[in-house]
Structures are given as structure tokens and as C-alpha cells.
Amino acid sequence: GDKVKQSPSALSLQEGTNSALRCNFSIAATTVQWFLQNPRGSLINLFYLVPGTKENGRLKSAFDSKESYSTLHIRDAQLEDSGTYFCAADGGNTGKLIFGLGTTLQVQP
Amino acid sequence: EAAVTQSPRNKVAVTGGKVTLSCNQTNNHNNMYWYRQDTGHGLRLIHYSYGAGSTEKGDIPDGYKASRPSQENFSLILELATPSQTSVYFCASGGGTTQNTLYFGAGTRLSVL
């Protein structure tokens, strides 16, 4: 958790609202991945990022390697977005990912 | 969709016993990984592999061995299980043609009594 720091650690949203999650890196990350661990425990890959941005439906993610951070924006949150979001960084294209401790998101009706 | 299968899904072992966790992937990915997940620690890398016959130590390898006999299979071996190894273990594969997107198995819940 020291090399990849996620914030906030927990978050509660009303359905239909927007939010942003953040990862700060103390390593020279070359690529970043975002995962959602759903309430059943399954880890689902959301994004693979080199420096830049990607968008997929209501999710948008950005990775700035110079400033050493990545963000995940959730637009129009839905109940099924609930779970724990993890970011993970690869410091040098080694294929070895270092994970943050996660942001637990609860979307309320 | 990438497929990673772990077995068993649940395991209860006795202290000092040998435990083998198995992972199979049908994605033809070069890289495979074993992580453990514990409250307060997130996911921590135990061992990984770049291909058949190779194993590399991750961040917390002590007490674990790994074996990659083929492209498809990657095992995690606890020769002498201890209660501190009670955890949820995840296997993942990655290293497709364009990027190392990781795909995880469903996890194995291990309890060492």
C-alpha cells in the first residue's frame, strides 16, 4: 500500500451522482490497471492504461506518469457499481503489478 | 473473454500439512501470477512466471513455492502450512498480444487450522 496509495478509502454515493477515485504512485509507474472487486469477490479488469485517458461507458480513467497519479471517474453511479476499486501499477514494464489498498464504494438507492 | 480457473475454491488444511493450489488458463498468456488478499494489506504478489518452466519471487515469497509445468498451469505450493497463511489466494494471467492486462480467477479461500 505504500507505493500505491488510493483515496478515499471508502465512499458512499447516491444513485445517479458522480465521483472520482485517485491513485498516487511513489514508484515510476509505466502502466496502470484498474479493477473492480464485486460483492461476490470476483476481480474484474476495468482499464489498462499507458499515459493518457480511456473511457468505457460511464467510466473514464486517466494516467499521468509525470505527476505519478491516476484517476477513475464514475458518472451516473448505479447500484451495480458497488464494490472495491483497486488500482495497480507496473513500475518498468516488468509485468509485476503493485496494488493499492482499494476504495470501497457503496451506491445507495 | 479470458478464462482463469482455480481449484479448489475452498480448502481447510492442518498446520504442518502440504497444500497445493492449482490454476489453469486457456488464454495462451505468457505471464501468470499468485496473489494473496488480506484485510489491511490489499493484494500482495507471492510468485509469478513469464512462461513454462520459469518462476520468479514476488514481494512475499517466504513459505511458498511455485511451479509452472506448462503454459496453461501454474501451481502454488505450501510445503508446511501455517495459520498465518490463512487467506484468499488469487491467480491471474496476463501478457496478451498487445498489453499485459491481468485476468483473475475466482479465488481460493484457504484456512489453516
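The values are calculated or read from the model by the stated rules, or taken from the named source; none is laboratory data. These figures come from a predicted structure and were not determined experimentally. Here Cβ is always computed from backbone atoms with ideal geometry, including for glycine, and neighbour counts include all displayed protein chains. Ligands, DNA and RNA are stripped out before the accessible areas are found, and what is left, the full protein with its side chains, is counted by its heavy atoms. Shrake-Rupley method; radii C 1.70, N 1.55, O 1.52, S 1.80 Å.
Starting from the range B:48-77, take each residue that is in contact (Cβ under 8 Å) with a residue 24 or more places away in the chain and assigned to a strand (DSSP E or B) and list its partners that are open to solvent by less than 20 Å² (accessible area, probe 1.4 Å) and β-branched (V, I, T), counting only C-beta distances under 9 angstrom and pairs at least six apart or across chains.
So the pair list comes out as B:A66/B:I46; B:L76/B:V19; B:L76/B:I46; B:L76/B:T108; B:I77/B:V19.
When you look at B:G40, is it within 14 Å of chain A (Cβ to nearest Cβ) and surrounded by fewer than 17 Cβ atoms within 10 Å (Cβ to Cβ), yes or no?
yes
Is there a residue being touching a Leu at 6+ places or on another chain (Cβ under 9 Å) and either hydrophobic (A, V, I, L, M, F, W, C) or touching a residue at least 24 places away in the same chain (Cβ under 8 Å) (or both) anywhere in the range A:49-58?
Checking the range A:49-58: not a single residue is touching a Leu at 6+ places or on another chain (Cβ under 9 Å) and either hydrophobic (A, V, I, L, M, F, W, C) or touching a residue at least 24 places away in the same chain (Cβ under 8 Å) (or both).
Identify the single condition in (1) within 14 Å of chain B (Cβ to nearest Cβ); (2) more than 9 Å from the chain's Cα centre (by Cα); (3) at pLDDT 95 or above that A:T103 does not satisfy, given that it satisfies every other one.
With respect to (1) within 14 Å of chain B (Cβ to nearest Cβ); (2) more than 9 Å from the chain's Cα centre (by Cα); (3) at pLDDT 95 or above, A:T103 is out only on (2).
Please work out which residue is nearest to the chain's Cα centre (by Cα), limiting yourself to the range A:35-47 and to residues that are open to solvent by 30 Å² or more (accessible area, probe 1.4 Å) and farther than 16 Å from A:Q106 by Cα.
Here the answer is A:L46.
Residue-wise test of (1) within 13 Å of chain B (Cβ to nearest Cβ); (2) under 13 Å from the mean Cα position of the chain (by Cα).
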| position | (1), (2) |
| --- | --- |
| A:P51 | no, no |
| A:R58 | no, no |
| A:Y69 | no, yes |
| A:I74 | no, yes |
| A:A77 | no, no |
| A:G83 | no, yes |
| A:T94 | yes, no |
| A:V107 | no, no |
